[in-house]
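Laboratory data are not the source of any read-out in this text; all were calculated from the coordinates shown. All figures in this text were calculated on a predicted structure; none of them were measured in a lab. Here the Cβ positions follow ideal geometry from the backbone for every residue, glycine too, while neighbour counts run over all protein chains shown.
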There are 2 protein chains.
Amino acid sequence: MALIVQKYGGTSVGDLDRIANVARKVAARCDEGNKLVVVLSAMSGETDRLLDMARSVHELPDERELDVLVSTGEQVTVALLAITLGSMGYSARSYLGWQMPLTTDSGHGSARITELDGASIKADLDEGRIVIVAGFQGIDPHGNITTLGRGGSDTSAVAVAAALGADLCEIFTDVDGVYTTDPRITNRARKLDRIGHEEMLEMASSGAKVLHIRAVGFAMNHGVPLVVRSTFDETEGTLVTHEEANMEGEVVSAVACNTNEAKVTLTGLKDQPGVAAQVFSLLADANVVVDMIVQNISDRGATDITFTVAESDLLKAMEIGQRIKDTVGAEAVLGDPDIAKVSIIGAGMRSYSGVAAKMFFTLAQESINIQMISTSEIKISCVIQKKYSELAVRALHDAFGLHKESWHGG
Amino acid sequence: MALIVQKYGGTSVGDLDRIANVARKVAARCDEGNKLVVVLSAMSGETDRLLDMARSVHELPDERELDVLVSTGEQVTVALLAITLGSMGYSARSYLGWQMPLTTDSGHGSARITELDGASIKADLDEGRIVIVAGFQGIDPHGNITTLGRGGSDTSAVAVAAALGADLCEIFTDVDGVYTTDPRITNRARKLDRIGHEEMLEMASSGAKVLHIRAVGFAMNHGVPLVVRSTFDETEGTLVTHEEANMEGEVVSAVACNTNEAKVTLTGLKDQPGVAAQVFSLLADANVVVDMIVQNISDRGATDITFTVAESDLLKAMEIGQRIKDTVGAEAVLGDPDIAKVSIIGAGMRSYSGVAAKMFFTLAQESINIQMISTSEIKISCVIQKKYSELAVRALHDAFGLHKESWHGG
């Protein structure tokens, strides 16, 4: 008998028929003798419908009240699933964020989990109940409802799994696992059987949308074994787990692509200490999240700084650039939304050399110019012109042989 | 500076425009220097939409989960009103049932209030905030969400007013006050400026739908002054208050009519002790609420018992009658859904005689046969054939001169 946490996303609970489908899947796992905790999102579209209502009233709605509003989405689905399971003869009980409680800080709209008390859930499981948990929501120390931000239900599921010491956390979604790259870009994309937590983390931060980045980080820190699989078929899915030595033998596990970033360049900056600090502290104050940063020192006593931000933050970042242009002695502030960040990810990079060279060579062969380069221990990212993004993904996917079961370098 | 509790029903918050209208009314009262607590229902139709979803899944949904589901309706409106007031520059904070907390028993779907802690609300009011309270919902001692039953938001409002010692509780609805009778039946119906708590209670139990019966009882027991008025115009409304000596001087204040009852008769019962007890304890066990009961003793050693129940309970009551027919020695069990209960209500009846006679005489003049009679201290009810109900209401309204400012008997 295992303790399993399952999470179903918005499309999986999009209407009453789909909720009935989820109930059947939960019941089947229960019949196998497992203890089940099910974490749900709101019906697909519901969170946006509620947000649209609030924003039609006020451009910047009070964040506390926004959380009161949007948290109703999951409240509806958990009650409906519990009622559906009841109609099938199973005893089920729903938990809202404040009922567990899942305690967070007071960062309304993107709160961080500080504590989760699993005692009541455990008691219900011991009495033979199926427990249904409203994802995405928590309660702050002052008794206010909070929400965890987009994709937060994944994080709720992992947190519940960690608190209960679950044997497995299954993330059910509308894709059947984690792929070597986006299958819409190349039909040679291959589903992975396993992937390491760190690789998954790099993939999430590189544009792969299959798992919420904070959920992956939480799973990694708490050693929660995750499976990503489809609600709509019985395929095995992908196990996200501790990286084992030479897992699957791959050097490169996946190619990711993010086309939602934009590039800002400050040219001819004074080449002296403190200039970069001034620029990026102003961006941070304006809540602009910066991804890649590249600085080149020229020989004329001046330097260029280029950084990438979310495309939706480009105007804000440009304004800040203009504002401090004179202070930092910049010649010009240039913005470019026409970029893509292509990344290759693989835990095996740690022990193989020549991976970066192979990436740059592959792009060069396709006549794709590299504008920026950034590397981590297990990832290499290149910024290129947006129109080449699919070509680059296909070329890299082929070059590293990701359509084959494993690639051992070379 | 007064502390005012306002309650707005479902049609008053039916869409974003109407919520904006409520916000303007609240703001105006606030600008006059008052402290405001606003209790809201769900958008009109929303509770039914949620109930329909649940019932399409399961005929008898789990009651705990049903309360989790339907309580989202008020959660949406309180957040939207708080956001709307925020957009107008007012500081507002919403409270759900569990956040106050408003404690109830565990009677899901029709829970009774056991305690209300107004400390947090008071603190918010003292800091200059407008407080918005989700009506209809509470929390039981085990931390489960409960709801108070249909019309429960009225009760929430009165409970909040009582807990805070409010100067006034205003019930905003889609009618502009309490009338001498249903204005749809006679255009001679007149709005009352004042009515006593007890009279209002008898009216509510006699079929007048303007106020929830439990809210009136609560207001009476806690001495909360209530005003019933329209959300959609500035008319003064009706003050429901402690009965004062000869208030407005009327003997009869209103005529009410309930066409949703049915009549059951057991004929030829053994005329011996315990027979009635057997019948009504079985009905109580089956949760059939009995309204009027009339028993006539005949001279042939047998008796007839007639009682009224909600029309929706008629079949259940008939079945029970059939089941114990032999035990209690009844000749027949007769059911009749074709009835109406017409009532005249007035605190002044206590000190005037001849009121009942005048009622019976008025009905006789219209050739309306009286099937059952039941009286309380301040009410006389007659069961008649349903088709005569409007005629009876108009005749009684005229006979007691209710279209005129006051009627002093005679």
- Task: Measure out, as a whole number of angstrom, how far apart the alpha-carbon centroids of region B:249-314 and region A:248-288 sit.
- Result: 81
- Query: Between B:D126 and B:D338, 0.36 nm times their residue separation minus their Cα-Cα distance comes to what?
  - Reply: 70.8 nm
- Per the rotation taking chain B to chain A, min distance Cβ-to-axis on chain B (residue, whole Å) equals B:T72, 2
- What FRET efficiency would be calculated for the residue pair A:K209, A:H242, taking the C-beta separation as r and a Förster radius of 41 Å, to the nearest 0.05? 0.95
- Using alpha carbon centroids, what distance separates region A:334-410 and region A:166-240, in Å? 20
- Which distance in nm do the two modelled labels at A:S312 and A:N221 give, with both placed 7 Å along the Cα-to-Cβ direction? 2.4
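Out of the DSSP beta bridges found with both residues in chain B, what percent are antiparallel (nearest 5)?
On the way: 46 of 74 bridges.
For chain B, the DSSP antiparallel bridge percentage is about 60.
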- Task: Could you give the C-alpha radius of gyration of chain B expressed as a fraction of 2.2 N^0.38 Å, taking N as the number of residues it contains?
- Result: 1.07
- Note on the structure: at A:A364 the sorted inter-copy label distances (label 7 Å from Cα on Cβ side), in nanometres, are 11.6
- Task: Find the eigenvalues of the gyration tensor of the Cα atoms of the protein assembly as shown, then list the square roots of 5 times those eigenvalues as equivalent ellipsoid semi-axes, largest first, in whole angstrom.
- Result: 67, 33, 19
- Message: Taking every pair of distinct Cα atoms and averaging 1/r, then inverting, what Kirkwood hydrodynamic radius in Å comes out for region B:1-124?
- Response: 15.8
- Query: Can you list, shortest first in nanometers, how far B:G128 lies from the same residue in the other copies, with each label 7 Å from Cα toward Cβ?
  - Reply: 5.9
- Packing-based exposure ordering (other Cβ within 10 Å, fewest first) of A:L60, B:L396: A:L60, B:L396
- Residue list for region A:177-199, given a label point 7 angstrom along the Cα-to-Cβ vector of A:H403 and an amide N cut-off under 11 Å: A:186-190
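Based on other C-beta atoms within 10 Å, arrange A:M88, B:M1, B:M372 from fewest to most.
Least crowded to most crowded, the residues run B:M1, A:M88, B:M372.
Sorted by average packing, counted as other Cβ atoms within 10 angstrom per residue and highest first, what order do A:20-26, B:285-291, B:332-338 take?
Values: A:20-26: 19.4, B:285-291: 13.0, B:332-338: 14.7.
The peptides rank, most packed first, as A:20-26, B:332-338, B:285-291.
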- Task: Per DSSP H run of at least 4 residues, take -39500 (n - 2.57); add these up for the protein assembly as shown, divide by its residues and hand me the 222 nm value, nearest 500 deg cm²/dmol.
- Result: -10000 deg cm²/dmol
- Task: Could you pull the copy-to-copy label distances for B:D338, with points set 7 Å along Cα to Cβ, in nm to one decimal and sorted shortest first?
- Result: 8.4
- Query: Semi-axes, largest first, in whole Å: what does sqrt of 5 times each Cα gyration tensor eigenvalue give for region B:125-248?
  - Reply: 26, 16, 15
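For chain B, what are the DSSP H helices with axial Cα length of 20 Å or more and mean Kyte-Doolittle hydropathy of at least -1.0?
B:16-31, B:72-87
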- Fewest to most Cβ atoms within 10 Å: A:E390, A:E366, A:E74, B:E127 sort as B:E127, A:E366, A:E390, A:E74
- Message: Please report the spacing between the Cα centers of region A:38-57 and region A:94-152 in Å, no decimals.
- Response: 18
- Message: More than 20 angstrom separation, counting every C-alpha pair in region A:108-170; what % is that?
- Response: 27
- Note on the structure: Highest mean packing first, using Cβ neighbours within 10 angstrom, the peptides B:94-107, A:129-142, A:186-199, B:267-280 sort as A:129-142, B:94-107, A:186-199, B:267-280
